[in-house]
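Structure first, then comments.
The values are calculated or read from the model by the stated rules, or taken from the named source; none is laboratory data. From a predicted model like this one, the values you see are computed outputs, not experimental measurements. As a convention, Cβ positions derive from the backbone with ideal geometry for all residues, glycine included, and neighbour counts pool all protein chains shown. Quick note on the areas: whole protein, heavy atoms, side chains included, nothing else; ligands and nucleic acids left out. Shrake-Rupley method; radii C 1.70, N 1.55, O 1.52, S 1.80 Å.
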Amino acid sequence: MERKKPDNQMRLEFLSKSSNESFARATVAAFASQLDPTLEVLADIKTAVSEAVTNAIIHGYGTSCGIVHIECEIKGRDLTVIIRDNGKGISNIEEARTPLYTGMPESERSGMGFTVMETFMDEIEVESVPGVGTSIYLTKHIPE
Amino acid sequence: MKIQLKLKDRTLIAKLSGELDHHSAKTVKEMLENAIETKACVNLIFDLTGLTFMDSSGIGVIIGRYKLLQGIGGKVKIVSDKQSVNKLITMSGLTRLMEVCESVEQAIMNL
């Protein structure tokens, strides 16, 4: 089946520095604002994107520095945000998505990242290959 | 991120303004640990009314200080009035560990 073309698209690339987390979520929110979301919906999107970008920075790349890629697509009233890294990947996705699981127990992470993404977005899909990287697909329907 | 610290008896009141994410969490954690240690604080009130954004890194900061103060018999309270912040606090289960108050005065009274 032919994949429906998006109505609008944007791409963003930045270094995996924590100072870019704010830039990334604000940019995605600015792109999403063309669908006139409520402040609550916009806050949900920003929070979910922040979690995914933070995961890419601290778990994907860790102490090394790489590029975080974001792609946003709008199809009708649906916004899809894809956050990719070429970092170390996740060996057990099911375990990583378990509430309160943290890959860094010594670092005071709450282990709520994936739970927040699942709660605040309508759909989430995770693809990961150890040693190759991780892609997180987040979709939110934005009501009129 | 701006952090204003006030001490009332042995209760530390931390007013956080701006965005609390993974980037700013480290600074917040260090400032709070330092103040708790040097001022011998027992209780902590997180005033989150000045926050414009918080993600799960903020939850980690709050739980970390809760564990620290619980160990010495202290209490932690949260003051929050933003829907987006409250949503995260509720879904994380923090409300089962500590009270969320409407004002700093109420938090102090309920200690």
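Quick rundown of the values:
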| item | result |
| --- | --- |
| Selected residue [hydroxyl-bearing (Ser, Thr, Tyr) and closer than 25 Å to A:Asn8 by Cα] from A:Thr102, A:Thr47, A:Thr63, A:Thr98 | A:Thr47 |
| Hey, B:Leu32 surrounded by 21 or more Cβ atoms within 10 Å (Cβ to Cβ) and assigned to a strand (DSSP E or B) or not | no |
| Residue check for B:Leu7: away from chain A (no Cβ under 14 Å), more than 29 Å from A:Ala52 (Cα to Cα) and surrounded by fewer than 13 Cβ atoms within 10 Å (Cβ to Cβ) | yes |
| Counted residues, segment A:30-45 - those being open to solvent by less than 50 Å² (accessible area, probe 1.4 Å) and facing another protein chain (nearest Cβ under 10 Å) | 3 |
| Number of positions in segment A:13-29 that are part of a loop (DSSP other than H, G, I, E, B) and either at pLDDT below 95 or open to solvent by 40 Å² or more (accessible area, probe 1.4 Å) (or both) | 1 |
| Filtered residues of segment B:18-28 (kept if open to solvent by less than 70 Å² (accessible area, probe 1.4 Å), facing chain A (nearest Cβ under 7 Å) and part of a helix (DSSP H, G or I)) | B:His22 |
| Verdict on B:Leu111 being under 28 Å from A:Thr119 (Cα atoms) and either over 13 Å from the mean Cα position of the chain (by Cα) or assigned to a loop (DSSP other than H, G, I, E, B) (or both) | no |
| Pairs with Cβ under 7 Å, 6+ apart, first in segment A:110-137 and on the phi > 0 side of the Ramachandran plot and within 14 Å of another protein chain (Cβ to nearest Cβ), second aliphatic (A, V, I, L, M) and open to solvent by 60 Å² or more (accessible area, probe 1.4 Å) | A:Gly111/A:Leu100 |
